[in-house]
1. Among B:35, B:43, which comes first, then next, by fewest other beta-carbon atoms within 10 Å?
2. Using label points projected 7 Å from each Cα along Cα→Cβ, tell me how many nm separate residue A:163 and residue A:146, to one decimal.
3. Shape of region B:14-209 from its Cα gyration tensor (a ≥ b ≥ c, root eigenvalues): rounded if a/c is under 1.5, otherwise prolate when a/b > b/c, or oblate?
4. In nm, what does the list of distances from residue A:131 to its counterparts in the other copies look like, shortest first, when each label sits 7 Å along Cα to Cβ?
5. How well do other chains shield peptide B:133-144, expressed as the mean number of their Cβ atoms within 10 Å of each residue Cβ?
6. Taking the label point 7 Å from Cα in the Cβ direction, how far apart in nm is residue A:25 from each other copy of itself, listed shortest first?
7. Across the residues of A:119-125, average count of Cβ atoms on other protein chains within 10 Å?
8. Place a point 7 Å from the Cα of residue A:172 along the Cα-to-Cβ direction; which residues of region B:175-212 have their backbone N under 20 Å from it?
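Laboratory data are not the source of any read-out in this text; all were calculated from the coordinates shown. The structure presented is a predicted model; accordingly, all values stated were derived computationally and were not measured. Because the Cβ atoms are built from the backbone with ideal geometry, glycine has one as well, and the counts that use them run over all protein chains shown.
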């Protein structure tokens, strides 16, 4: 079960909440970037960034000089991952909606200093965005590792919202001669585009070609 | 030119910033949802939500009871719109990246009370998510309007970041026998799915069928 603190107990549209831990993992594991919210000088700041998950821990990373990470180190953050699955077209403008899956995590990330956990966190981050590359590309050097901050955020305080299915209109509107339904949004991988300076004879790896 | 306050002057990766107003409009106008950041009891909160643009104003809406909008009314918000265009696969893990276009807007939204501006703001919000529907579906009733809060956010303080193109590796890594390039991420509309209870004889409107 997901925790139900005052923040993760949904204030509205409770039927869209999910307390299934597997839903949380599914939303996180199928995402590519999150939106990281921090408070800087009392003001909100939201930046898109990569992430990775190992068990009950979300890993974030960034340059050791990035403002968003500096603010996040020790302070509270909010991490939101959103999948937009379709536009819900109702008979009335008011009931237009979107089908989506989103996860929101609150917490205070800790700066990861243990070398092994740093590498495992970076591996999770890398594999989330580009699965198969950790064992294929050149691994980080000591200098590159030193330039990278890794943060760990517990998934303890998290909530998931999912909306699926067609429009819900007012009873009297179902008689209107208005089309209603869902326009699905589909995300897919295009053809890999080789770096123009890539030497001949280096084949596109299977894990890139066959990515799902 | 975009404003260059201390927040919108990019701290890092300056070459990815853009001060072209048209880039800002393009990123916003081609998006579907934004991530709205607010500060609630000193803590960041990031929620996905719809938006619309008219000129130099971004419109947001929500139930009059929603926490995120209550916090945003008068307080400062951060609105981020992100398009993920591809995964940049480099010869080294460290230089993996993403191609993306993102806009970040800071400001204090004002609650829109003028009836005409409220309708125009809602129209912009509706057309952003579902173009063509405002003139097709049933318009909001007085009761529905009363349940909807509309906020206006100036685009005065905004920044745009765009990354395009292939990987940038360390000079010595170009000799590695490692494939490098971009795996594009493509977003497209699927086949419209009619509401199962839709009466026969109501055709899918052209603006839904032909949406680009």
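1. Working: B:35 27, B:43 19.
With the fewest neighbours first, B:35, B:43 line up as B:43, B:35.
2. 5.0 nm
3. Numbers: a/c = 2.53, a/b = 1.49, b/c = 1.70.
Oblate, because a/c is 1.5 or more while a/b does not exceed b/c.
4. 3.4
5. Details: counts 8, 2, 0, 5, 15, 12, 3, 4, 4, 0, 1, 5.
Mean number of neighbouring Cβ atoms from other chains: 5.
6. Sorted ascending, the copy-to-copy spacings read 4.8 nm.
7. Numbers: counts 0, 0, 0, 2, 1, 0, 2.
Whole-number average of other-chain Cβ neighbours for A:119-125 is 1.
8. B:199
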